[in-house]
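Throughout, read-outs are computed from the coordinates displayed, never taken from laboratory work. Values in this document were obtained by computation on a predicted structure and should not be read as measured data. FYI the Cβ positions are ideal-geometry reconstructions off the backbone, even for glycines, and counts take in every protein chain you see.
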């Protein structure tokens, strides 16, 4: 299986590479991913198609790099000591940035392309989803260590519940995901996970009520 690794910085001109990724994003926004060609990207970027293929093995790999350039630190996981407030902040930031009109169409295009190209699906997981999941798990473990969340629970299960619901709403149902939705989602998913005094915005019902 071909691995879609990021281009080696030592083998490319960063200025040209950024022109190419910018051209890819612009064209996807203008005509939609299916209609974008490597020839069009090369023309828009002022680069040769041979150069593009030397750095990226496919259009999907190129769009993934272009997408990741725009999402660096787009929705970090803060640690203010209040895990509910921090999750609320991160999820709303993700909706506003990654789920916003500038980036979301590119992400959905990548998800669609990944259904037909397993190597792209693996690259999306390795380079985008897995680092975010690890950051979320680290934040939840910190909250467990601080006594805010039940330490016997698996953080990855909570991630599945919270972010699975969020991406389901964004990607499939396409219903509004405003701050009120995030609050309701957190109240529902965190019920039974909170221990001790509830952090700001948490469901305050005792665990014994389960």
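Odds and ends about this structure:
- With 5 Å bins beginning at zero, the pair-distance distribution over Cα atoms of the chain amounts to 1, 7, 14, 17, 16, 13, 10, 9, 6, 4, 2, 1, 0, 0 %.
- Debye intensity ratio in log₁₀ form over the Cα atoms of the stretch 105-148, taken at each q of 0.20, 0.27, 0.31 Å⁻¹: -0.65, -0.87, -1.00
- Computed from the Kirkwood radius of its Cα pairs, the Stokes-Einstein diffusion coefficient for the stretch 19-101 at 10 °C and 1.306 mPa s stands at 110 µm²/s.
- Simple label model, 7 Å out from Cα along Cβ direction - residue 54 to residue 172, nm: 4.4
- Computed lengthening from residue 79 to residue 40, 0.36 nm per intervening residue step minus Cα-Cα distance: 9.7 nm
- Cα centroid separation, the stretch 134-183 to the stretch 84-106 (Å): 13
- Projecting label points 7 angstrom from Cα along Cα→Cβ for residue 72 and residue 111 puts them 2.5 nm apart.
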